[in-house]
Every structure is written in structure tokens, then in C-alpha cells.
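The values are calculated or read from the model by the stated rules, or taken from the named source; none is laboratory data. None of the values given here were measured: they were computed from a predicted structure. Cβ placement follows ideal geometry from the backbone for every residue including glycine, while neighbour counts extend to all protein chains displayed.
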Amino acid sequence: MTEEILNPIVLQRADPFVYKHTDGYYYFTGSHPLYDRIVLRRAKSLNDLQEAKEVAVWWKHESGPLSELIWAPEIHRANGKWYIYFAAAPDTNIDDDTFNHRMYVLENASDNPLEGTWVEKGEVKTEMSTFSLDATTFFHKGEQYYVWAQQDLNIEGHSNLYIAKMENPWTLSTKPVMLTKPELPWEIKGFWVNEGPAVLIKNGKVFLTYSGSATGVDYCMGLLTASEDADLLNPDSWTKSQEPVFQSCPENGQYGPGHNCFTESPDGKDTILVYHARNYTELVGDPLYEPNRQARAQKIEWDEQGNPIFGVPVPDKRWTPKTPEVLK
């Protein structure tokens, strides 16, 4: 039985990512509100992550392509090593109606990723040199896959979702394939985006969630579904839900839930949805630097067909800040 999760699980960490390792720890990272570093913390319980010691394992460069807007890190395991996937930009300019992010990888051979040395493995290059971010990775049938958001200047909108196989944890081995683009009314409010992909393999299916619209009250989650035996590089293998599967719930005081990942309960019996949301709608200052997208988590239910029932964002059980200051 899953213990009651006390939300938020971590304050002021948007784009949360949790990796439950074989050592029994939940490893947590997310976008630091100053966008200048990559941070990690760990705990044996999701409820203990907020009080866990946080370590800055990497800092942005003083100049160059890795010097601004460090966004959406994820920590993964591959071939017995730790990897962090993240996006960075050379500046804060907005060109072609987007920022100038590209995707990068760090590697650490230590048992504990809060220790040891993180080595920069370079940029994950795709066939387009355009705005790209929010990469995730997963293994299926012995092969590593990479899923990310990227802008195609020939397609209306800011970012579409792509998939490819990997030669190694920092190099693609197949041509990128577009799985979805922003086109439905709930995906194009404020900004036209499909971003923040997350993959869950369960009940004979591959579920790929993502987020759409601008990152305010309209931000919400969509879902692609494929059979686990299908060719995941074939767009026709995927079915796109026509309605959002997780969205703002004013009754519970939760707004703009999205940029999720998946983990599991300590006993491995329950699937846990991790996401960020705000508990108010009146933002102070620049929304980009407004720090109060808090990391939250809740149990997923399942229907008779083996599909996830996300429900609605649950109410907060803990204090949350509502000021524009970044907590120390």
C-alpha cells in the first residue's frame, strides 16, 4: 500500500524528475528557478525529499552554448552509469519565436550520483539545428530510445515531439520521427507546444505523456499510446488522445499541472505520477522567473483495459510559498 503522499513533495522545482534506484532511494532533480545549475537530492520516501540535502552537481558555463537557461534535467541509468539529460542556451534571446536551447548529456560512473565527477558528453544532435529541449530516455526490448521536443520551422508552432533509437546514451542511431505536433485546441493556448515527454511501459502498452499550451493555468497533459510489440518509430503505431488527461482543478486549488514523469511506490506495486503545478493564478513578475511551480506526486489508477486513470491534481497538504522570491 502506498503511503499518503504529502504535496508538494519539493518546493520551487519545476519540471520534476524522480528516478527510483535499486538502492531504495528516490533521486530527484528539476529546473532550479535561477536556471543556473543542475541539482540533485535523494530520499527513501517521496515525502522526505523536501528536507533532503540538495547538491549542485553542475553549473552553467560563463559563456557559450551552455551558459544560459538550464532547463528540465532528468537523471537516468544506462550501462551501469548515471546520465543527466538537460537543455541549455547560449543566451536569453528569442529567435524564430522561441529560445535557442539545445540538448546535452552529463555522465557519472559513481555509485552515488550526488558524488563523483560529472563529465560533459556533449550535445545530442538531431537532424535539425533548432530549439530543442525536454529530452527523456527509456529502454524497451533491449534498445535505448530518446524522446524530445523540437521546433520545425516548416511546421506551425513552437515544438513537436520526436523519437529515435540511440547508439549510446548521447548519440542517436536512427533518424528522428515526429510523433505529435500541437494541433488540438487545448495544446495551443498561449503557445503551440508539445513538450515534456514521459514514458511508462505497463499492461502490454507504451504510454507517452506530454504537456501542451503555455505554462500557466492552461498547461495540461496529453497522452499517446502504443502496443509494446509495435514499431515505436512508426507514427501509425501511436494513438493520440483527443482530450487532455490531466489538467487544472480549481476546486483543489491546482493550476497548470504538467511536465510529468513516472515513478513507483516503495514496494513497486503502485505507479506514481510526478508533476509540477501552481496553487494560484495571479503571478507576480515575469512568469518565466516566477519560482512557484512546485513538484507534486499522486498515485495512478487503472481501468479494465489497462489504461491509466490520472484523475485530477489533489489538494496541497503542506505549506507552499506564494511570493516571487526564490527560497534558500
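If I ask for residues that are touching a Leu at 6+ places or on another chain (Cβ under 9 Å) and of a type in the set (D, E, K, R), which ones from region 243-302 would you list? Residues satisfying the conditions are Glu243, Glu290, Arg296, Lys299. Of all residues in region 123-144, which are part of a strand (DSSP E or B), more than 15 Å from Ile38 (Cβ to Cβ) and not small (Gly, Ala, Ser)? Within region 123-144, Glu123, Thr136, Thr137, Phe138, Phe139, His140, Glu143, Gln144 qualify. Per the listing Glu156, Glu120, Glu167, the residue uniquely charged (D, E, K, R) and assigned to a loop (DSSP other than H, G, I, E, B) is Glu156.
Would you check which residues across region 83-104 are of a type in the set (A, V, I, L, M) and under 15 Å from the mean Cα position of the chain (by Cα) and list them? Break it down stepwise before answering.
From region 83-104, those of a type in the set (A, V, I, L, M) are 84, 87-89, 94, 103; that's our starting set.
Hits for region 83-104 are Ile84, Ala87, Ala88, Met103.
Only a single item in (1) in contact with a strand residue (DSSP E or B) (Cβ under 6 Å, 6 or more places away or on another chain); (2) aliphatic (A, V, I, L, M); (3) within 22 Å of Thr174 (Cα to Cα); (4) not in a loop (DSSP other than H, G, I, E, B) is not met by Ile201, and it is number (1).
The set of residues in region 304-314 that are in a loop (DSSP other than H, G, I, E, B) and under 21 Å from the mean Cα position of the chain (by Cα) comprises Asn307, Phe310, Gly311, Val312, Pro313, Val314. Note on region 271-303: residues that are charged (D, E, K, R), over 15 Å from Ser248 (Cα atoms) and outside any strand (DSSP E or B) total 3. Is one or more of the residues making up region 164-177 polar (S, T, N, Q) and modelled with pLDDT under 95? No; the residues of region 164-177 include none that is polar (S, T, N, Q) and modelled with pLDDT under 95. Against the list (1) crowded, with 17+ Cβ neighbours inside 10 Å; (2) in a loop (DSSP other than H, G, I, E, B); (3) of a type in the set (Asp, Glu), the condition Glu195 fails is (2). Scanning region 128-149 finds one or more residues that are within 24 Å of Glu68 (Cβ to Cβ), more than 20 Å from the chain's Cα centre (by Cα) and surrounded by fewer than 20 Cβ atoms within 10 Å (Cβ to Cβ). One residue stands out among those in region 87-112 that are in contact with a His (Cβ under 9 Å, 6 or more places away or on another chain) and crowded, with 19+ Cβ neighbours inside 10 Å: the one that is nearest to Asn154 (Cα to Cα), which is Thr98. The set of residues from region 216-258 being touching a residue at least 12 places away in the same chain (Cβ under 8 Å), assigned to a loop (DSSP other than H, G, I, E, B) and in contact with a helix residue (DSSP H, G or I) (Cβ under 7 Å, 6 or more places away or on another chain) comprises Gly216, Ala230, Pro244.
For region 170-189, filtering for residues that are outside any strand (DSSP E or B) and surrounded by 15 or more Cβ atoms within 10 Å (Cβ to Cβ) leaves 10. Within region 86-100, residues that are over 20 Å from Trp148 (Cβ atoms) and acidic (Asp, Glu) sit with their Cβ atoms under 7 Å from residues that are modelled with pLDDT of 95 or more and surrounded by 12 or more Cβ atoms within 10 Å (Cβ to Cβ), at 6+ positions apart or across chains, in these pairs: Asp91/Glu68; Asp91/Asn100.
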